[in-house]
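Read the structure below first, then the notes.
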Protein chains: 2
Amino acid sequence: MTDLRKTVESFWAAAEARDWDAFADTLADDVVYTLPQTRERIRGRERYVRFNREYPGDWHLRVERIVVEREQAATWLHFTVGLEAMHALTFFTADQEGHIATVTDFWPEPYEPPAGRDHLVERY
Amino acid sequence: MTDLRKTVESFWAAAEARDWDAFADTLADDVVYTLPQTRERIRGRERYVRFNREYPGDWHLRVERIVVEREQAATWLHFTVGLEAMHALTFFTADQEGHIATVTDFWPEPYEPPAGRDHLVERY
């Protein structure tokens, strides 16, 4: 079984490089991708690779943090599309062979802070 | 040094129980809280406990996933305020005594999926 940290690092490096064969190699055949914000789900390696390959825009990613514990992992990415920058948070689980079995990700957007907490908070 | 998993579990259990003494016990004196979506930052245990204690609404949380690797951790929460449900994603680091030194969290909102991927995706 491959170390899940190496697998998750390969997953993101392959995505950034548009190396879809290397990307597919990190995935279980029956990988399930879930996007809770839109309630979308994609089942199977072929569809999930295609979803990423077809994703529009000149996007680029940088891994800010990876946390791996046995068969599960979480990553925090800094993601850019042109001048727009976002964070992406992804949770992974692996199967017994160390392939990625589930991917669930979240794409939070900037918002204005609510009133009433300026006495505690600084802006950066 | 306390196991960071236990500390993070206590952090969320104490928040849910509004047990602010137990919550404070998980934190380093100089804990730094960061909310990248609003670019807000809170420095120090006293202010950060107060921020949580004063947070409005009858909010409740359930831990969906915890990933811990040595001095860092990530959690995925299901969070409700009345009838509204959200996900919250939080990244932690610990100091050498095992207290929580940094907390960074993200609150993604639902959105409508873009067109052009119905051939790959199911909704749930």
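What to note about this one:
- Options B:T7, B:T34, B:T104, B:T90: the member that is more than 7 Å from every other protein chain (Cβ to nearest Cβ), in contact with a Gly (Cβ under 7 Å, 6 or more places away or on another chain) and polar (S, T, N, Q): B:T7
- Filter pass, B:R53 being within 14 Å of chain A (Cβ to nearest Cβ) and either among the small types (G, A, S) or loosely packed, with under 13 Cβ neighbours inside 10 Å (or both): yes
- For the range A:81-92, a residue qualifies if it is surrounded by fewer than 20 Cβ atoms within 10 Å (Cβ to Cβ) and either out of contact with any Asp or Glu (no Cβ under 8 Å at 6 or more places or on another chain) or farther than 18 Å from A:N52 by Cβ (or both), and the qualifying residues are A:G82, A:L83, A:E84, A:A85.
- Filtered residue count, the range B:37-50, keeping only those that are more than 7 Å from every other protein chain (Cβ to nearest Cβ) and surrounded by fewer than 16 Cβ atoms within 10 Å (Cβ to Cβ): 2
- Out of A:F51, A:F11, A:F23, one residue alone is closer than 26 Å to B:L77 by Cα, modelled with pLDDT of 95 or more and among the aromatic types (F, W, Y). It is A:F11.
- Verdict on B:E16 being surrounded by fewer than 19 Cβ atoms within 10 Å (Cβ to Cβ), out of contact with any helix residue (DSSP H, G or I) (no Cβ under 8 Å at 6 or more places or on another chain), charged (D, E, K, R) and in contact (Cβ under 8 Å) with a residue 12 or more places away in the chain: yes
- Unmet criterion (only one of (1) under 28 Å from A:D25 (Cα atoms); (2) within 8 Å of another protein chain (Cβ to nearest Cβ); (3) of a type in the set (A, V, I, L, M, F, W, C)) for A:V121: (1)
The values are calculated or read from the model by the stated rules, or taken from the named source; none is laboratory data. In this text, all values refer to a predicted model and were calculated from it rather than measured experimentally. FYI the Cβ positions are ideal-geometry reconstructions off the backbone, even for glycines, and counts take in every protein chain you see.
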